[in-house]
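K.L.:
Take this structure, written in structure tokens, and hold onto it; I'll ask about it next.
A short reminder: the numbers here are calculations on the coordinates, not readings from a lab. Bear in mind the structure is a predicted one, so any value in this text is a computation, not a measurement. Please note: Cβ atoms are built from the backbone with ideal geometry, for glycine as well, and neighbour counts cover all protein chains shown.
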Amino acid sequence: MDYTTIKIDTIQAEAILLELFDVKGTAKELPGEVDFNFRIKIKDEYRYILKISRPEEDEDYLDFQQKLLQFVEQKGEHLISPKVIKDKNGNSISEIIDANGNKRKVRLLTWVSGRVWSSVNPQLDDLRYSLGEQCGLLTQALQGFNHKEAHRDFHWDIAQALWTIEHLDLFSVEEKSILQYFQQQFKNSQDTYLKLRKSVVHNDANDNNVIVSEDLLFPKVKAAIDYGDAVYTQIINDLAITCAYAAMHHNNPLSAVLPIVKGYHSTFPLQEEELKHLYVSIAMRLVISVTKSAINKQKEPDNTYLLISEKPAWKLLKKWYTVDENFAEYSFRIACGYEAHPKQKAFENWAKQQSVTLTDIFPLVRKKEVLNLDLSVESLWLGHVSEFNDIDVFQFKINQLQKEHPTKLIAGGYNEVRPLYTSSEFERIGNSGRENRTTHLGIDFWLPAKTPVHAFIEGEVVVATNNDKYKEYGGLIILKHQVTHFEFYSIYGHLSLASVQDKTVGTTIKKGEQIGILGTSEENGHWGPHLHFQLTLSMLNYKDDFPGVAFPSEIEVWKSICPNPNLFFKLETLESKRSINNQELIEYRKQYLGKSLSLQYETPIKMVRGEGVYLVDQYGNKYIDTINNVAHVGHEHQAVVKAGQQQMALLNTNSRYLHENINQLAKELIETLPPELNVLHFVNSGSEANELAMRMVKAHTKQCDIIASEVGYHGNSNKCIDISSYKFDGKGGSGAPEHTHIFPLPDTFRGKYTGEDAAQKYAEEVQKLIEGIRRKGRNVGALILESIISCGGQIELPKGFLPKVYELIRNAGGICISDEVQVGCGRVGKHFWGFQLYNVVPDIVTIGKPLGNGHPLAAVACTQEVANSFANGMEYFNTFGGNPVSCAIGTAVLQTVKREQLQENALEVGNYLKRELEQLAKEFPIIGDVRGQGLFLGFELVDVNKKPLTQQAVYLADRMKAHKILMSTDGKDNNVLKIKPPIVFAKNHAKELIHYLTKIFKEDFMQV
């Protein structure tokens, strides 16, 4: 029957509602495959859903749905579900005659308020868990319900899915091969599949049938609605359907479904046998979906609802096809609290009873003891990235270590998180950004090239390869071993290429027989001659390779598949050292470190390495660092590290002795400064620099009164706190001291003055302070000001403001200090120093964080006049200021900025990023203002009335962390996201930042 002729409109629906149920309401159309559905609003509140059938719909089928809902209402005490509303005559199913004379069935159900699943963004693991939880509760409530219609022929029943085979001609060759693969898998599994538990299940927890709470920060699934697809079938099918829909639109569908499986199991425990079939059942639901769409496109091309999930279903089906079926099952088992591999315990028990020594594998090696080599991401021995990526250096260090321990065999690495695997083949983009395979699954043994390797147990060769894809890893041989009740495999990597040339798949290697010999450095290239020895209980779908490292997020599954080889050797020295977990670190800090020490993020991260723009946690996860302007030329820049190491090995002492390093650093700095600023004092921090600047002010002007900006921050010493509004006007502060005078934050977006005359108005505020000081019988000592105010929210000074204010201060007898601790050394791009943006020359410049790239080094530059006043007979001496090591590091930093053209990079990438943020602001009005220069940027989150959105800013920073991008908030109202990364930050990093910002700005909590 033609779809347009049977369609019911909203006016008709409202009339039917009034006639049958005596309810007057406003109807809004909802999507539906079979019924025509309408949401009914009464007095601004949605109360009901009206369901009008197609002509001649089976009343038994509708009776089945109504009785099922009534059963759930009775049995599901912890469930929210639609309730049946009877008509004026007490019927749960009513009847009308439409305009064409067709009989139509009508039902009225209560409305379940909330948001449909498809409208909720983001759909995080807690929400997914609650989806599984609710679906499990519903299955539990339906136990014992039955009805003859539950046993109907139904195309959407996965158990009946083989009907799809008849329609393969509707698909392309590629699509057909995928469909046939899953259809065959399903067909082959029927013997065990048909024995699985059955009951009536909901069978349709799709995007539009799942209701989620209105809570934007912590949403939970409230209910499943629309029971029209309920059927008597294998219980696992219900979970499969839930997973199939919820996995759409995700890079890693397996990861996306695991919280659902876990939640379902928590309320309706799943059996191990059922989990074997879940992977194919999920696939078969998708097979049904795409087949239905292909058929319906021909039957009803105007019915868009029928096509709504076709594209995402195909996209998911193609991804699901690449997921290993066994690995999926093992992952499901872990989610349900079972051991990932069913034979794990049996293998462990058997292995513990075996007597295997290192000599069984290396009969020519007489070393009995093992030296456990730490190659973890936290390893001090491993050193700088430049060292472990240099094969020659790495091999030299191994040789030296062997000389130090001649009687020990160097080995280790099982379950060790390593930073060594840096190429793209070890990387993927998961559901929360970039992930790297970092966790080692075997044990490495470092021995000379050509050392024979023997079989410790009889095995059959199943892999022997040295093809081009794996040549940099040497030869690979995998043996299959059959023992009572199970089989396992042993893996031998980094063998010589010749070792695999005479090995034929299927050949048996006896216990004690030689497998091969270790390859040379030239043959296997990675970290010198060594054997990678690994066990696995399953080859999964690998034919000529097997992973030696795993993603940390999957490690519990991989540890079950690939048991610790030390189960055989039983050597304590081969056991991994226990890493202190984050909670223990937090508890220790709470007890023994200062209570005012804060941690970044609600769930802090343990960082153990740095590399360029990245910080690396203990699991090897790499985070783009957009907030650490301390690591100015990149975390652990090789030139800077090397300069410090080399000088530290020679001498580190104070500046009372002659040394070239202090002069060299002075020369490098003076070259970047205006000629007037040609006297330097070296200190250890920005706080010390500003503290020294205050002493210079008093010595030069004989005055103590300082003028500074609201929300300015200049350090953590007593005097610096006294001139920092950010501190004394914040928590724990007691307001401005007598000699500190604060003018309003010169913010032209949301400050006191925002018009074209803002610069003049803010300058007048400074003049008022000058006059107030004079009325007290004193004169101005100095103005101290950042050239872009950082804690104020990356506030650029109004055009023309700084020259006016400098003139006012100098006319009052004071001097001008530019605090360049945050913005100096090329960060602003256009100039080397921030004050140069405004065409002024200060009397004192304070320099801090960037100069040492993480090493405690800072400086004060001043004019000869100020320096002469300060040299009043009282010696200035700083024990560590200007020491040879610090100066070597500072010189390396400045030379790196010049050599690598990082100031130019800050300008180019900063301009690109600022333009992209401005474009983002057009798409998302929550971004009220974008500001800053170079790689010192910020954007402010406000509503339409410019009210600060602090919660959203904190939320954004936390969500970006989930995507492995570190951001932080600042500003007077903590509603500004600051961007001040190492200035090696490149355009590809900026693009990644914008990509995830865009994604998160689309999330529900960011919609204001």
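K.L.:
Which translational diffusion coefficient, to the nearest whole µm²/s, is obtained for the range 834-891 from the Stokes-Einstein equation, given a Kirkwood hydrodynamic radius over C-alpha pairs, 37 °C and 0.692 mPa s?
P.N.:
Answer, rounded: 248 µm²/s.
K.L.:
Measure nothing fancy, just the Cα-based angle from helix 10-21's long axis to the longest principal axis of the chain, in degrees from 0 to 90, nearest 10.
P.N.:
That works out to roughly 60 degrees.
K.L.:
Here's a follow-up. Show me 836-842, 872-878 ranked by packing, highest mean number of other Cβ atoms within 10 Å first. Don't jump to the answer; show the numbers that get you there.
P.N.:
On the way: 836-842: 18.4, 872-878: 9.0.
Peptide ranking by packing, descending: 836-842, 872-878.
K.L.:
Further question: Hey, what angle do you get for helix 758-775 against the long axis of the chain, alpha-carbon based, 0 to 90 degrees rounded to 10?
P.N.:
Result, in degrees: 50.
K.L.:
Something else about it: Can you order the peptides 760-769, 613-622 by their average number of other Cβ atoms within 10 Å per residue, highest first? Don't skip to the answer; put the middle values down first.
P.N.:
Working: 760-769: 18.4, 613-622: 21.6.
Most protected by this proxy first, the peptides run 613-622, 760-769.
K.L.:
Where Lys and Arg each count +1 and Asp and Glu each count -1, what net charge lies around Asn872 among other residues with Cβ under 14 Å from its Cβ?
P.N.:
Its environment carries a net charge of +1.
K.L.:
Cβ under 11 Å from Glu786's Cβ, Glu786 left aside: what net charge do those residues give with Lys, Arg +1 and Asp, Glu -1?
P.N.:
-3
K.L.:
Using a cut-off of 14 Å between alpha-carbon atoms, which aspartates and glutamates can reach Lys1002, once sequence neighbours fewer than 8 places away in the same chain are excluded?
P.N.:
Glu923
K.L.:
Please work out the C-alpha center-to-center distance from the range 490-508 to the range 519-566 and express it in whole Å.
P.N.:
15 Å
K.L.:
Still on this structure, please answer the following. With an 8 Å cut-off on Cα pairs and a minimum separation of 6 or more residues, tell me the relative contact order of the chain in percent.
P.N.:
Computed value for the chain: 8 percent relative contact order.
K.L.:
Along each principal axis of its Cα atoms, how long is the range 219-291 end to end? Whole angstroms, biggest number first, please.
P.N.:
32, 32, 29
K.L.:
Please give the Cα centre distance for the range 573-605 versus the range 769-824, rounded to the nearest Å.
P.N.:
41 Å
K.L.:
I've got another one for you. Would you please state the base-10 log of I(q)/I(0) at q = 0.11, 0.18, 0.19, 0.26 1/Å for the range 564-650, with intensities from the Debye formula using one equal scatterer on every alpha carbon?
P.N.:
Cα-only, vacuum Debye calculation for the range 564-650: -0.54, -0.99, -1.02, -1.20.
K.L.:
Now for a different question. If the reach is capped at under 18 angstrom between alpha carbons, list the aspartates and glutamates near Lys408, excluding any in the same chain fewer than eight residues apart.
P.N.:
List returned: Asp360, Glu369, Asp374, Asp444, Glu572, Glu575.
K.L.:
When ranked by the protection proxy of mean other Cβ atoms within 10 Å per residue, highest first, what sequence do the peptides 895-902, 19-26, 420-427, 533-540 form?
P.N.:
533-540, 895-902, 19-26, 420-427
K.L.:
What does the convex hull of the Cα atoms of the chain come to per residue, in Å³, rounded to a whole number?
P.N.:
Taking the convex hull of the Cα positions in the chain, it is 208 Å³ per residue.
K.L.:
Near the amide H of Arg750, under 5 Å away, which other amide H atoms are found, from residues 5 or more places off or on another chain, if H is placed in the peptide plane?
P.N.:
Residues meeting the criterion, in which the H sits 1.01 Å from N, do not exist here.
K.L.:
Longer than 19 Å from Cα to Cα, which of Lys595/Lys727; Lys642/Lys667; Lys187/Lys343 are they? Say none if no pair is.
P.N.:
Lys642/Lys667; Lys187/Lys343
K.L.:
Along the principal axes of its C-alpha atoms, what lengths does the range 115-335 span, in descending order and rounded to whole Å?
P.N.:
Dimensions of the range 115-335 along the principal axes of its Cα atoms: 45, 38, 38 Å.
K.L.:
If I take every Cα pair under 8 Å that is 6 or more residues apart in the range 3-110, average their sequence separation and divide by the length, what percent do I get for the relative contact order?
P.N.:
Across the range 3-110, relative contact order equals 23 percent.
K.L.:
D for the range 3-110, whole µm²/s, Stokes-Einstein with Kirkwood Rh over alpha-carbon pairs at 4 °C and 1.567 mPa s: what number?
P.N.:
The calculation lands on 91 µm²/s.
K.L.:
So how compact is the range 348-574: Cα radius of gyration and Dmax in angstrom?
P.N.:
Cα only, the range 348-574: 16.8, 49 Å (Rg, Dmax).
K.L.:
Another question, if that's okay. In percent, how large is the relative contact order of the range 115-335, given Cα pairs closer than 8 Å and 6 or more residues apart?
P.N.:
Values: 331 pairs, mean separation 66.0, N = 221.
Averaging sequence separation for qualifying contacts and normalising by length gives 30 percent for the range 115-335.
K.L.:
Continuing with the same structure: Compute the signed sum of charges (Lys and Arg +1, Asp and Glu -1) over the other residues within less than 10 Å, Cβ to Cβ, of Ile457.
P.N.:
0
K.L.:
Please work out the Kirkwood hydrodynamic radius for the range 615-760, using every pair of different C-alpha atoms, and report it in angstroms with one decimal place.
P.N.:
About 19.4 Å for the range 615-760.
K.L.:
Starting from the Cα gyration tensor of the range 639-898, take the square roots of the eigenvalues, sort them a ≥ b ≥ c, and report rounded, prolate or oblate (rounded when a/c is under 1.5, otherwise prolate if a/b is larger than b/c, else oblate).
P.N.:
Prolate, since a/c reaches 1.5 and a/b exceeds b/c.
K.L.:
Could you tell me which of rounded, prolate or oblate describes the range 690-826, using a ≥ b ≥ c as the square roots of the eigenvalues of the alpha-carbon gyration tensor, with rounded for a/c under 1.5 and, failing that, prolate when a/b is larger than b/c and oblate otherwise?
P.N.:
Rounded, since a/c falls under 1.5.
K.L.:
Using only Cα atoms and rounding to the nearest 10 degrees, what angle (0 to 90) does helix 884-899 make with the longest principal axis of the chain?
P.N.:
Computed tilt is about 70 degrees.
K.L.:
Sticking with this structure for a sec: Average projected area of the Cα convex hull of the range 206-362, in nm²? Could the numbers behind the result be given before it?
P.N.:
Values: hull surface 55.4 nm².
The orientation-averaged projected area of the Cα hull of the range 206-362 comes to 13.8 nm².
K.L.:
Report, ordered by chain and residue number, the aspartates and glutamates lying within cross-link reach of Lys830, taken as a straight Cα distance under 17 Å and ignoring same-chain residues fewer than 8 apart.
P.N.:
Excluding near neighbours in sequence, the set is Glu671, Glu786, Glu796, Glu820, Glu900, Glu904, Glu908.
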